[in-house]
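Structure first, commentary second.
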Amino acid sequence: MSDGDPLVSMNEVEVHFEEESGIFDFSDTDPVRAVDGVDLDIYEEDVVALVGESGCGKTTLGKTAIGLQRPTGGSVEYRGQDIWDAKDGKGDVEIPYKDIRRSLQIIHQDPGSSLNPNRRVMKILESPLKRWQKQMSAGDRRGQVLAMLEEVGMTPPDDYAGRYPHQLSGGEKQRVALVRALLMDPDMILADEAVSALDVSLRVEMMDLMLDLQEKFDTSFVFVSHDLSNARYFAAHSGGRIGVMYLGELVEIGPAEELINNPQHPYTKVLRWATPDLKPGGGATEPPVRRIDIPDPQNPPPGCRFHTRCPEAREVCMEQTPPEYETAELHYTKCFREDDTHAYWSSPTVEDESDEALLGGEAD
């Protein structure tokens, strides 16, 4: 992580979605709290790998970081400029929204869906150059596209430049999507499950390529993955951090190896246990969790949201929300167990109860 001012800064960010109801359903429904009060700074040439179970909010947070998702609360700043103030023309806008969008790019899990099937690779990759570098001649554009294709291992580049997306493998499509993002000369790229659809043998190859290009192009990455081993590889090989999300909250974040080898939040320990090549001891069979089911994000538990599943939970965890504690340099977690003086230590252990009681409701 670089020193200096953050490239992107998210402060108390909330993203709440209203669920669509049927035509004749006029009842009020609670919003889905996809992201709920997250603080996160991302720096120049930084890597943050966001990890968590499906529905935890990691993709929504990543899209919010690059200005693709408007937050319903809090703020998102790019180089000190509020992204949505720039979008809405509010106040004294120092960085135009179009420049922000160019600087913050995305590559998707399914690159084929974002590549025009009716255009050859050359035309697809020339588009950002035509838009953002109007002074370039047609020959210079072609030369830059061919050079970038060769840079990502698509050789001979002339052959690949003449193909349509359906003539490419999944890994080749992902390389084209990566090249297109880099041709925008971005400061940060959101890689949203960018390797999860690839064969295992190709994942490391693709992550190595992304990290090599990050060093050459001075780009930051937000890497979203449901696989802790992928997050570890990508963050550890770049000196980056892993952020663990649970029910819309960032419950732990720290340097990759520090977080893997010394996890502080009980949920991080669950993720590590569920990842075969990271499972401590190699022979543990019982998961470090009281309940398997994840609570409804429309009605998250009060207090610590993990208390309904946490084997370390005490009654105070049902009532109070843990603040963020610094456990080591750049390593933060939200768990009362980090505070030796907290009432947690004298609070009774949570007894197994009905789901309704654990969620703060009443049993029928």
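On average, how much area does the Cα convex hull of the chain cover when viewed from any direction, in nm²?
Details: hull surface 89.7 nm².
Approximately 22.4 nm², given one-decimal rounding.
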Rounded to the nearest 10 degrees, the helix 138-151 long axis (Cα) sits at an angle to the longest Cα principal axis of the chain of 50
Simple SL model, points at 7 angstrom along Cα→Cβ for GLN133 and GLU324; separation in nm is 3.7
With a Förster distance of 25 angstrom and the Cβ-Cβ distance between GLU12 and ALA343, calculated FRET efficiency to the nearest 0.05 equals 0.50
Connecting every pair of Cα atoms under 10 Å apart in the chain and solving the GNM, the largest mean-square fluctuation among GLU257, GLU312, GLU351 falls on GLU351
In terms of the alpha carbon gyration tensor, root eigenvalues a ≥ b ≥ c, rounded if a/c is under 1.5 and otherwise prolate when a/b exceeds b/c or oblate, segment 47-145 is oblate
Within the set ASP140, ASP218, ASP296, GNM on the chain using Cα springs under 10 Å gives the largest fluctuation to ASP140
Under the 7 Å Cα-to-Cβ spin-label approximation, LEU68 and ASN262 lie apart by a distance in nanometres of 3.5
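Given LYS98/LYS130; LYS123/LYS173; LYS58/LYS123; LYS58/LYS130; LYS87/LYS173; LYS98/LYS134, which pairs have Cα atoms separated by over 22 Å?
LYS58/LYS123; LYS58/LYS130; LYS87/LYS173
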In the neighbourhood of ARG337 defined by beta carbon distances under 10 Å, the net charge of the other residues (Lys, Arg +1; Asp, Glu -1) is -3
Put in order of increasing Cβ neighbours within 10 Å, starting from the fewest, PHE234, PHE221, PHE17, PHE336 give PHE17, PHE336, PHE221, PHE234
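Could you calculate the FRET efficiency of ASP185 with ASN299 from 1/(1 + (r/R0)^6), where r is the beta carbon distance between them and R0 is 41 Å, rounded to 0.05?
0.40
Each value in this text was obtained by applying a stated rule to the coordinates, not by laboratory testing. The shown structure was predicted, so the numbers you read here are calculated from the model rather than taken from an experiment. FYI the Cβ positions are ideal-geometry reconstructions off the backbone, even for glycines, and counts take in every protein chain you see.
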